[in-house]
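The values are calculated or read from the model by the stated rules, or taken from the named source; none is laboratory data. These numbers come from a predicted model, not from an experiment. Reconstructed Cβ throughout: ideal geometry from the backbone, glycine too, with neighbour counts over all protein chains shown.
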Amino acid sequence: MIWDFSAILSLLVLVSGLIWGLDAILFAPRRREMHGAPDGEAPPLPLLVDYAKSFFPIFVIVLILRSFLVEPFRIPSSSMVPTLLIGDFILVNKFTYGIRIPVINHKVIELNSPERGDVVVFRYPLDPATPFIKRVVGLPGDQVEYTDKQVFINGELVSQSAEPPFVGIRSAAPYTGNLVYSESLGDIEHKILVTPQAFSPNREFEVPAGHYFVLGDNRDNSRDSRFWGYVPEDHLVGKAFYIWLNWDSGPNFKRIGTTIR
């Protein structure tokens, strides 16, 4: 079991529900007898029970929203520049890759599978308590080659076209002047950032069944599948789809409402 916010929420639902339920079954009738309250009229609830009754439905709603529908995340690093910047607050679709039971992470409903080009949040394989965000490049069974800062999938070069050099502000300012390319992965066209003078590891990979090969869009400043391996399917959290706020030493209103591609 991974001790994360979903686990804490699940525990709060369980504890508050037990307190409220046990009180209603065992202790509320006794209180009515002791206070001589008529049928249908309940004496005041103990403070703990009152809190449990009030917060139980809130905990349930939040757990359902975060576990099955949409979960918010904040971008803490620059590994996905220029697509995502430090301070972006994003929404992640939790059901697009299937419905999982919170805490034990067991999939109960199969839906879609990640497609090439999807921006996904997943549990870092070397530390599953830590969420990572990268772009899916290799699907199960693919042969992926990364050579001279270019990607080959099953022997075919992923097309890139040059864009104007990057101009960054705030936390992204150090990358100003880096090269920007428009890259096409399946039906998804997105921008990547390349640092010409940075070391580029040239390697070939064969993606195992049930796993995915992911890269950061900031190709020379991302720790991704080139370094630590593949993402197991059961580590997927969901698909990032929307930026609802950016706060990096202040708000960046231009980022609000951006669809993630």
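Details
- Where residue 217 falls short, out of the listed (1) in contact with a Gly (Cβ under 9 Å, 6 or more places away or on another chain); (2) crowded, with 20+ Cβ neighbours inside 10 Å; (3) of a type outside the set (Lys, Arg): (1)
- Which numbered condition residue 62 misses (of (1) within 30 Å of residue 219 (Cα to Cα); (2) surrounded by fewer than 17 Cβ atoms within 10 Å (Cβ to Cβ); (3) touching a residue at least 40 places away in the same chain (Cβ under 8 Å)): (1)
- Leading residue by the ranking (farthest from the chain's Cα centre (by Cα)) among those in region 223-242 that are surrounded by 23 or more Cβ atoms within 10 Å (Cβ to Cβ) and within 27 Å of residue 173 (Cα to Cα): 225
- Taking residues in region 11-29 that are at pLDDT below 90, and partners anywhere that are surrounded by fewer than 18 Cβ atoms within 10 Å (Cβ to Cβ), the pairs with Cβ atoms closer than 7 Å and at least 6 places apart or on different chains are 28/42.
- Some residue of region 65-76 being under 30 Å from residue 190 (Cα atoms), in contact (Cβ under 8 Å) with a residue 60 or more places away in the chain and either in a loop (DSSP other than H, G, I, E, B) or in contact with a helix residue (DSSP H, G or I) (Cβ under 6 Å, 6 or more places away or on another chain) (or both): yes
- Hits in region 243-261 (condition: buried (at least 19 other Cβ atoms within 10 Å of the Cβ) and in contact with a helix residue (DSSP H, G or I) (Cβ under 8 Å, 6 or more places away or on another chain)): 243, 246
- When region 191-233 is filtered for residues that are part of a strand (DSSP E or B) and in contact with a Ser or Thr (Cβ under 6 Å, 6 or more places away or on another chain), the ones remaining, listed by number, are 191, 213, 214, 218.
- The listed residues are 86, 99, and the only one of them that is buried (at least 18 other Cβ atoms within 10 Å of the Cβ), within 30 Å of residue 258 (Cβ to Cβ) and β-branched (Val, Ile, Thr) turns out to be 86.
- Test: residue in region 204-212 that is surrounded by 17 or more Cβ atoms within 10 Å (Cβ to Cβ) and within 19 Å of the chain's Cα centre (by Cα): yes
- Index of the failed condition, residue 187 passing every other in (1) out of contact with any Asp or Glu (no Cβ under 7 Å at 6 or more places or on another chain); (2) modelled with pLDDT of 95 or more: (2)
- Condition check for residue 234: more than 30 Å from residue 102 (Cβ to Cβ), assigned by TED's automatic domain parsing to the domain that holds residue 102 and of a type in the set (Asp, Glu): no
- Residue check, residue 181 in contact (Cβ under 8 Å) with a residue 60 or more places away in the chain and among the aromatic types (Phe, Trp, Tyr): no
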